[in-house]
Amino acid sequence: MAISRIILDSVPAERLSDSADCVAAHSYDAWPIAVKWRQQGKQPCKPDLVAHPHSTQEVAALLRECNENGNAVTPWGLGSSVVGSPLTEAGGVVIDLSRMDRIIALDEDNLLVTVQAGKRGDLLEAELNERGYTLNHSPQSLDRSTVGGWVATRATGQLSSLYGGIEDQLIALEVVLPDGRIVQTKQTPRAAIGLDTKEVFLGSEGTFGIVTQVTTRIFPLKSYRRLETVTFDTVSDGIKAMRAMTRNGLKPFIVRFYDVDEARHAMKDPSFGQCVMFLGFEGIEAVVEAEYAAVMDLCRAHGGKAIGPAGIEGWLARRYDFSAVENILARPGGVAETIEISDFWSSIEGTYEALKTALAPLADEVLCHFSHVYAQGSSLYVILIGQAEDAAAAEARIRRIWEVAMRICLERGAATSHHHGVGLARKDFVAADQGDAMVVNQLIKSALDPNNIMNPGKLGYRPRTPAETRN
């Protein structure tokens, strides 16, 4: 669509840009495929215009005009998605929320914070820390992602084994529908009054509307912690120990278990020859010590050996550092990808083995860890590192990695995503993953967004037709 055909009068002109630099900055995120596009000079996901609203009312006015004009709309936080969630395949308008970054209210009595959706995670965490509180939501992208982005992708963080994902922290939200209506859900600790409306927008990746404000739980900072590093001889032993913890209701705030190949990286020791588990406990000292003792008993019962806190302390100091993968991707032929899935305890070991075996021919290293545990199962995070001839060959290799990994997950009944979301990387696999539920999802999409302007084609929904694009 030619930029001259997009007419937006709802925000000041200085908040709209079609400059080559601004458009290019919103044509790529952190998805490795997008990195390879940039290296090849390809720009397949190019918006026509970028808007930088400062308020919910401006977002609403933008959506009203885009809906009336038939312009596709794609929300943007900080562009840190690793699966292509904020990239448009339909041109149109990217609505960048990064200037909507204020804390609206801090409710210390009820332990809540209300914040605009464009607030960067580490800045919010720092401001809360100054008041003695924490989010206890800490994705590796904390310093490059927004609160709205967490909700839109149903994100989780490194402390989820105790505190849960964003769906467990979310109390209420404000969202702008495609026709410009503003909806605010009610703040309550819990309610049994029909549909939980905020669930409609959790994980919707901007396909139903734009989240503009979020109310989430906060927690007092804990004064006591106990950290431990435990080795295991086999992946099977570590899985059994984690399952035993969850069956007994034990919830360390950190549970991370690495296979031998990734343990060498996690321990920063190329000679390290065992699987390793990082465990962290926090809270009231007496409770922490009791939980630590119970978990150590279970680990020992499955062959675990405590070797002290140094391993996990080192990881905590560098846990937001993503530079190892970024440095590999920066080379034109560099291949690096991260794929996170989840499965039940009864089948997660088989899924691990299937992925490890099938992906080995496609990378020099296939590294795996389990980092979010539940009563019924666990996540599995796979990191692939390799080298191809050039950026085009690297792009083709990464696409093949996705095809193989998703096929195995679908064959085994595993969830094809645990916390990164869908974006462009997984969109072609959503219908197979969701099965009959896809009918319901599409009906909701069609009802809320009949003109199909919101991030069209994402989450497995149908792409735009020429008739839906009006000039």
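The values are calculated or read from the model by the stated rules, or taken from the named source; none is laboratory data. It should be emphasised that the depicted structure is a prediction, and the values quoted were computed from it without experimental measurement. Note: ideal-geometry Cβ built from the backbone for every residue, glycine included; neighbour counts use all protein chains shown.
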- Message: Every residue in the stretch 7-39 that is out of contact with any Pro (no Cβ under 8 Å at 6 or more places or on another chain), in contact (Cβ under 8 Å) with a residue 24 or more places away in the chain and in a loop (DSSP other than H, G, I, E, B), please.
- Response: 7, 8, 9, 10, 18, 28, 30, 31
- Message: Looking only at the stretch 352-388, count every residue that is touching a helix residue (DSSP H, G or I) at 6+ places or on another chain (Cβ under 7 Å) and farther than 23 Å from residue 31 by Cβ and tell me the total.
- Response: 8
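Residue by residue, here is whether (1) over 30 Å from residue 115 (Cα atoms); (2) of a type outside the set (Ser, Thr, Tyr) holds:
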| position | (1), (2) |
| --- | --- |
| 221 | no, yes |
| 227 | yes, yes |
| 249 | yes, yes |
| 254 | no, yes |
| 258 | yes, no |
| 268 | yes, yes |
- Query: Can you tell me which residues in the stretch 171-195 are crowded, with 16+ Cβ neighbours inside 10 Å and among the hydrophobic types (A, V, I, L, M, F, W, C)?
  - Reply: 171, 172, 173, 175, 176, 177, 182
- Do we find that residue 59 is closer than 25 Å to residue 209 by Cα, buried (at least 17 other Cβ atoms within 10 Å of the Cβ) and touching a strand residue (DSSP E or B) at 6+ places or on another chain (Cβ under 6 Å) in this structure? yes
- Between a first residue in the stretch 279-299 that is assigned by TED's automatic domain parsing to the domain that holds residue 257 and a second residue that is among the polar types (S, T, N, Q) and assigned to a strand (DSSP E or B), which pairs have beta carbons less than 8 Å apart while being 6 or more apart in sequence or on different chains? 279/229
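Residue check: is residue 425 closer than 23 Å to residue 156 by Cβ and either free of Cβ contacts under 8 Å to residues at least 24 places away in the same chain or surrounded by 21 or more Cβ atoms within 10 Å (Cβ to Cβ) (or both)?
yes
Okay, residues lined up against (1) without any contact (Cβ under 8 Å) to a residue 12 or more places away in the chain; (2) surrounded by 21 or more Cβ atoms within 10 Å (Cβ to Cβ); (3) within 26 Å of residue 286 (Cα to Cα):
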residue	(1), (2), (3)
197	no, no, no
225	no, no, yes
231	no, yes, yes
244	no, no, yes
249	yes, no, yes
252	no, yes, yes
257	no, yes, yes
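A quick yes/no check of all residues on (1) assigned by TED's automatic domain parsing to the domain that holds residue 29; (2) of a type outside the set (Gly, Ala, Ser); (3) under 26 Å from residue 339 (Cα atoms):
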| site | (1), (2), (3) |
| --- | --- |
| 65 | yes, yes, no |
| 69 | yes, yes, no |
| 75 | yes, yes, yes |
| 79 | yes, no, yes |
| 92 | yes, no, no |
- Note on the structure: Scanning the stretch 40-56 for residues that are out of contact with any Ser or Thr (no Cβ under 9 Å at 6 or more places or on another chain) and part of a helix (DSSP H, G or I) gives 40
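Residue by residue, here is whether (1) assigned by TED's automatic domain parsing to the domain that holds residue 200; (2) free of Cβ contacts under 8 Å to residues at least 12 places away in the same chain; (3) in a helix (DSSP H, G or I); (4) closer than 13 Å to residue 73 by Cα holds:
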residue: 438; (1), (2), (3), (4): no, no, yes, no
residue: 444; (1), (2), (3), (4): no, no, yes, no
residue: 447; (1), (2), (3), (4): no, yes, yes, no
residue: 451; (1), (2), (3), (4): no, no, no, yes
residue: 456; (1), (2), (3), (4): no, no, no, yes
residue: 459; (1), (2), (3), (4): no, no, yes, no
residue: 462; (1), (2), (3), (4): no, no, no, no
residue: 467; (1), (2), (3), (4): no, yes, yes, no
- Query: Can you name the number of the only condition in (1) under 19 Å from residue 211 (Cα atoms); (2) hydrophobic (A, V, I, L, M, F, W, C); (3) touching a helix residue (DSSP H, G or I) at 6+ places or on another chain (Cβ under 6 Å) that residue 444 fails?
  - Reply: (3)
